[in-house]
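Asks: I'd like to ask you about the structure that follows.
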Amino acid sequence: MDLSRAIAARATPGRLPDGAPATVLSGRHALELARTFGLCAREVDAAALDAGILPGRYLRNFMAYSPAEQARR
């Protein structure tokens, strides 16, 4: 399984701070995938953002930064 599919398989429905629905990858799953694929968690987070899936730890900043801006940070 490639990283994109693994992220999608572990993503779950969640909510943004304003209550809007979002697809979210939990921090636990991001760390698990990082270990499995030999990456750092930030690389997994960036791949999730590229796929339109929000890393759980980024939810609180969602209203301040777009997914593209968060991927660059």
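Asks: With 16 Å as the cut-off, how large is the P(r) tail for segment 1-41, expressed as percent of Cα-Cα pairs?
Replies: The calculated P(r) of segment 1-41 puts 37 percent of pairs beyond 16 Å.
Asks: A further question follows. What residues qualify as long-range amide H neighbours of LEU16, i.e. H under 5 Å apart, gap of 5 or more or another chain, H built at 1.01 Å from N?
Replies: Distant-sequence amide H within range of LEU16: ALA22.
Asks: Semi-axes of segment 18-59's equivalent ellipsoid from the Cα gyration tensor, sqrt of 5 times each eigenvalue, largest first, rounded to whole Å? Walk me through the numbers on the way to the answer.
Replies: Values: eigenvalues 76, 19, 10 Å².
Over the Cα atoms of segment 18-59, the ellipsoid semi-axes are 20, 10, 7 Å.
Asks: Once label points are set 7 Å from the Cα along Cα→Cβ at both LEU31 and ARG15, what is their separation, rounded to one decimal in nm?
Replies: According to this spin-label approximation, the distance is 2.6 nm.
Asks: Return the sequence-ordered ³J(HN,Hα) values of segment 36-45 in whole Hz as given by the Karplus equation 6.51 cos²θ - 1.76 cosθ + 1.60 applied to θ = phi - 60°, using x for Gly and Pro.
Replies: Running phi through 6.51 cos²θ - 1.76 cosθ + 1.60 with θ = phi - 60° gives 4, 9, x, 10, 8, 4, 4, 5, 5, 4 Hz.
FYI, it's all coordinate maths here, none of it is from the lab. Being a predicted model, the structure only gives us computed values, none of them experimental. Cβ sites come from the backbone with ideal geometry, for glycine too, and all protein chains shown count toward neighbours.
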